[in-house]
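The values are calculated or read from the model by the stated rules, or taken from the named source; none is laboratory data. All values derive from a computational prediction rather than experimental measurement. We place every Cβ from the backbone using ideal geometry, glycine too, and count neighbours over all the protein chains shown.
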Amino acid sequence: MTVEQLKEKLGLKVFGGEQGLGNEISGGYVSDLLSDVMGNSDTGQVWVTLQTHKNVMAIASLKDLAAIILVNNHQPEEDTLAQSNEEGIPLLGTDMSTFELSGKIYELIK
Amino acid sequence: MHFEYQIEGGNFTRAGFASSEIKKMLKQLNVDLGIIKRTVVATYEAEVNVVAHAYSGTIYVDVDEKGIVIKLVDEGPGIPDIEQAMKEGYSTASSKVREMGFGAGMGLPNMKKNADELNITSEVEKGTTVEIRMGFG
Ligand SMILES: Nc1ncnc2c1ncn2[C@@H]1O[C@H](COP(=O)(O)OP(=O)(O)OP(=O)(O)O)[C@@H](O)[C@H]1O
Ligand SMILES: [Mg+2]
């Protein structure tokens, strides 16, 4: 499944990084601890988090993640959004909680 | 080949910039993807530690046909007990840093897991030197 397809199925908002909507999803990782994501996420995964600052983009880029999804209606900071557009890594959002969103993603890509 | 990058303590908006440059450079050199991935994890954690815990630092990168050596030399408070600092979950990060999602005490364990060789030396109230070695063989 691509990020675009996931976005359509779950009605996710696209904040930025549209260029990367064609990214293929290999799985997901859910964490708000950055070194946990650094150590345990893998290439092509979607990352579900409530962290909105720019360092999440640095991690997504370094780990070649497919997309970041912000939960609970969290809005990205301005420089986070700018880097998402610069790097073409989709930054998505939802008003769903981490639990609800993760369950739905799991059902779709397991 | 030799490269150097500066790191500014406390400046989280630039954290990861040097690691990103190093990743690009290793890709251009056609280094094995698995080695790049592990190098990136170890280097990023070391870079962020300088930002989070020290005042300033320099990264020295050397690549030759045998492998990669990345040395981070910082001026900072140093690490009084390196063995304790290496334990997963140990962190002295400030509450501000923790709010950002840093401070899980997983950075040094990540470095240990991903580097082929990790050497840390530190002098309290002077600074810390971290050496990450990756072999091509
Ligand atoms: N360059 C450094 N200078 C001074 N102290 C350091 C340095 N690097 C690590 N430390 C000390 O070692 C501890 C553990 O480091 P580690 O990277 O494992 O965790 P952390 O940085 O606190 O959190 P995380 O990396 O999970 O975000 C730090 O909290 C700090 O006390
Ligand atoms: Mg750390």
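Observations on the model:
- If you go through the stretch B:62-74 and keep only what is near ligand 1 (Cβ under 9 Å from one of its atoms) and within 16 Å of B:R133 (Cβ to Cβ), you end up with just B:L72.
- Some residue of the stretch A:73-81 being free of Cβ contacts under 8 Å to residues at least 12 places away in the same chain and either over 20 Å from B:V48 (Cβ atoms) or surrounded by 22 or more Cβ atoms within 10 Å (Cβ to Cβ) (or both): yes
- Boolean, B:D116 is at negative phi, acidic (D, E) and either in contact with a Lys or Arg (Cβ under 6 Å, 6 or more places away or on another chain) or at pLDDT below 95 (or both): yes
- Residues in the stretch A:1-36 that are charged (D, E, K, R) and surrounded by fewer than 16 Cβ atoms within 10 Å (Cβ to Cβ) were compared, and the one that is nearest to A:T49 (Cα to Cα) is A:K13.
- Restricting attention to the stretch A:1-46 and to residues that are in contact (Cβ under 8 Å) with a residue 40 or more places away in the chain and among the polar types (S, T, N, Q), the residue that is farthest from A:P76 (Cα to Cα) turns out to be A:S26.
- Residue within the stretch B:75-96 that is more than 10 Å from ligand 1 (Cβ to nearest atom) and within 12 Å of another protein chain (Cβ to nearest Cβ) present: yes
- Taking each residue of the stretch B:109-130 that is away from every other protein chain (no Cβ under 14 Å) and looking for partners that are loosely packed, with under 14 Cβ neighbours inside 10 Å and part of a strand (DSSP E or B) with beta-carbon atoms closer than 7 Å, six or more apart or interchain, yields B:D116/B:G135; B:T129/B:T121.
- When the residues of the stretch B:11-53 are filtered to those that are away from chain A (no Cβ under 13 Å), in contact with a Phe, Trp or Tyr (Cβ under 8 Å, 6 or more places away or on another chain) and of a type outside the set (V, I, T), the one that is surrounded by the fewest Cβ atoms within 10 Å (Cβ to Cβ) is B:D32.
- Among residues of the stretch A:37-62, those that are crowded, with 24+ Cβ neighbours inside 10 Å, of a type in the set (G, A, S) and within 15 Å of ligand 2 (Cβ to nearest atom), counted: 1
- Conditions (1) away from chain B (no Cβ under 14 Å); (2) farther than 23 Å from B:K24 by Cα; (3) touching a residue at least 24 places away in the same chain (Cβ under 8 Å): number failed by A:F99: (3)
- Single condition B:M106 does not satisfy, out of (1) facing another protein chain (nearest Cβ under 10 Å); (2) more than 12 Å from ligand 1 (Cβ to nearest atom): (2)
- Number of the condition not met by B:A85 [criteria: (1) closer than 18 Å to B:T129 by Cβ; (2) within 13 Å of ligand 2 (Cβ to nearest atom); (3) aliphatic (A, V, I, L, M); (4) in contact with a Ser or Thr (Cβ under 6 Å, 6 or more places away or on another chain)]: (4)
- Selection of the stretch B:44-72 for residues being over 20 Å from B:F12 (Cβ atoms) and either within 14 Å of ligand 2 (Cβ to nearest atom) or within 10 Å of the chain's Cα centre (by Cα) (or both) yields B:I70, B:K71.
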